[in-house]
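Here's the structure, in C-alpha cells; my notes come after.
Bear in mind these aren't lab numbers, they're just calculated from the coordinates by the rules spelled out. Quick caveat: nothing in here was measured; it's all calculated off a predicted structure. Here the Cβ positions follow ideal geometry from the backbone for every residue, glycine too, while neighbour counts run over all protein chains shown.
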Amino acid sequence: MAKTYRPYLPEQTLLLPPALSDWVPEGHLARFISDVVDELDLSQIEATYEEEERGYPPYHPVMMVKVLLYGYATGVYSSRRLAARLVDSVAFRYLAAGNEPDFRTLSEFRRRHAEALSGLFVQVLRLCQQAGLVKLGRIAVDGTKIKANASKHKAMSYGRMKTTEERLEKEVRQLLEQAEATDQEEDRRYGSERRGDELPEELSRRESRLKKIREAKAALEEKARKTGEDGQVPEKAQRNFTDPESGIQKTSDGFIQGYNPQLAVDEKVQVIVAQQVTVGPDVKEMVSLVEQIEANLGEAPEAILADAGYYSEANDEAMFEKGVDAYIAVGRHKHGERVPPAPRGPIPSEATLKDLMDRKLRTRKGRRFYALRKTIVEPVAGQIKQARGFRQFLRRGLEHVREEWSLVCTAHNLLKLYRYQTA
C-alpha cells in the first residue's frame with residue numbers, strides 16, 4: 001500500500017485573494033517595525049516630494065523607511081539584496097505591500113534622504129527611553145573598527161608619494177620624448193598626414209597616476225597646515241585613493257583600511273544612547289559622546305566607563321565639570337593580570353589627576369564598576385558585527401559613513417525595543 005502524504009499541489013489556485021498580513025504571524029518583527037515607523041515623524045522626507053508636480057508618482061516614504069529599517073535589523077544592507085528580498089521574502093513583501101522598487105530606487109532613496117534617516121536614531125532612542133529601557137546610570141563607551149569601502153592596498157604614504165612622483169615624472173618625460181621621436185620618424189617615412197595627437201596607452205596611464213598622486217600629496221599638505229604642522233607632512237602619513245577620508249586602523253586581526261565608529265551604551269538592556277564615527281583615536285570622542293547623550297535625552301549619565309584609549313586629563317576634568325562619575329582606565333593590563341588594590345592612607349599632595357583616577361579604579365567599587373564595561377558595550381559591537389554581519393561600510397566619505405552608522409544603531413535599538421515588548 002502506497003504511503004499517504006499531506007496534500008501538495010503547487011499549481012493549486014487560491015479561491016480567495018490572499019492578504020499578505022495573513023502570512024506574517026502576530027508578534028513578528030516586521031509587524032513591530034511597521035507599527036513603530038507609522039508613529040515616527042517622517043515629515044522631513046515627505047516634504048521633499050510636496051513640490052514635485054511632474055514625473056511618475058514616487059514610492060511612499062513610509063513604505064521605503066520600513067523596508068530599510070527591517071533590512072538593517074535583519075542584516076540585509078545592500079540595495080541589491082534588499083530588492084531581492086522584496087521578491088522572495090514574505091516579511092519584506094508584507095512591509096512593501098507588494099511593491100517592488102528596484103535596487104537603484106532603494107539606493108537613491110537612501111542617498112537622497114540620508115540626513116533625515118540618520119535623524120531617526122534620536123526618535124527611536126526616545127521611544128526606548130519612554131519604554132523604560134534607558135536609565136542613564138552607568139554608560140560604557142568604546143570604539144570598534146569597521147572596514148571602509150576601500151582596500152588598504154590603494155593607500156600610499158607621503159614619503160612614497162614623493163619618490164613615486166619623481167619616478168613617474170621621469171617616465172612621462174621619457175615617453176613624451178619617445179613619442180616625439182616616433183612622430184618625427186613616421187613623418188619622415190610616411191609623410192605628415194598622421195594627426196599626431198594620439199597618446200600611447202602607457203603614457204596616459206602614467207599621467208593619470210601622476211595626477212592622482214599630486215592631488216593626494218596636496219591634500220595631505222593642506223591637512224598638515226590646518227593642524228598647525230606648518231605644511232610638514234610626516235613621511236608615514238597615508239592617504240587612500242578610493243576613500244581618502246578613511247584611514248589605517250589597527251585591529252586584533254591586523255591592520256584594515258577603515259573607520260573607528262563609537263558607541264555609548266546604557267547598562268540596563270544595552271540601548272545605544274550616543275554614536276559617532278571618527279578616523280582618529282578614541283580619546284578625542286569622550287566629551288562629544290557625553291554631549292550627544294545630553295542633547296539626545298536631556299541629561300548626562302551618572303557614571304561613565306571607558307578603557308585606557310579614552311583617558312586624558314582634559315577628559316577627566318570635563319567629566320568632573322559635567323558631574324559625571326568617570327571610571328577611565330589610565331593604562332592597559334595583560335589579560336588575567338591582577339590589579340593591586342588602592343594603597344591605604346592619605347592621598348599624596350603631589351598626586352596628579354591621572355594618579356587619582358588610577359587610585360579610584362583600584363578601589364573595591366572602582367574595580368567592580370570598571371568590570372561592568374566589557375559586559376555593557378562590547379556585546380553590542382559583537383551583535384552588530386557578528387550577529388547581523390555589518391563588517392564593512394557600503395558608502396564612502398566620513399559624512400556618508402556617519403549616516404550609515406546611524407541607521408545601523410537605529411536598527412539595533414529597534415531590536416532592543418522589540419525584544420522588550422515581546423518578553
Subject >> Two-site label geometry, Glu291 and Arg364: point separation in nm, points 7 Å out along Cα→Cβ >> reply: 3.9 nm
Original post:
Can you give the FRET efficiency for Glu50 and Gln392, using 1/(1 + (r/R0)^6), R0 = 60 Å, r = Cβ-Cβ distance, to the nearest 0.05?
Top reply: 0.95
**OP:** Would you mind ranking Lys284, Lys268 by Cβ crowding within 10 Å, fewest neighbours first?
**Re:** Lys284, Lys268
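Would you mind checking Lys135/Lys385; Lys284/Lys322; Lys250/Lys385 for any pair whose Cα atoms are more than 23 angstrom apart? Don't skip to the answer; put the middle values down first.
Details: Lys135/Lys385 25 Å; Lys284/Lys322 17 Å; Lys250/Lys385 16 Å.
The pairs that break the limit, which is 23 Å between Cα atoms, are Lys135/Lys385.
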Original post:
Long-range amide H contacts for Ala274: which residues qualify at under 5 Å (H placed 1.01 Å from N, peptide plane, sequence gap of 5 or more or a different chain)?
Top reply: Ala264
Subject >> Simple spin-label estimate for Arg81 and Ala351 in nanometres, 7 Å along Cα-Cβ >> reply: 5.1 nm
Original post:
Could you put Glu404, Glu302 in order, starting from the residue whose Cβ has the fewest other Cβ atoms within 10 Å?
Top reply: Glu302, Glu404
Original post:
How much length is gained on full extension from Arg112 to Lys385, taking 0.36 nm per residue of separation minus their Cα-Cα distance?
Top reply: 95.7 nm
Original post:
Once the convex hull of the C-alpha atoms of segment 1-135 is built, how many Å³ does it hold per residue, rounded to a whole number?
Top reply: 186 Å³
Subject >> For segment 305-319, 3J(HN,Hα) per residue [Karplus equation, 6.51 cos²θ - 1.76 cosθ + 1.60, θ = phi - 60°, Hz, x = Gly/Pro] >> reply: 10, 8, 7, 5, x, 9, 7, 7, 5, 5, 5, 4, 5, 4, 5
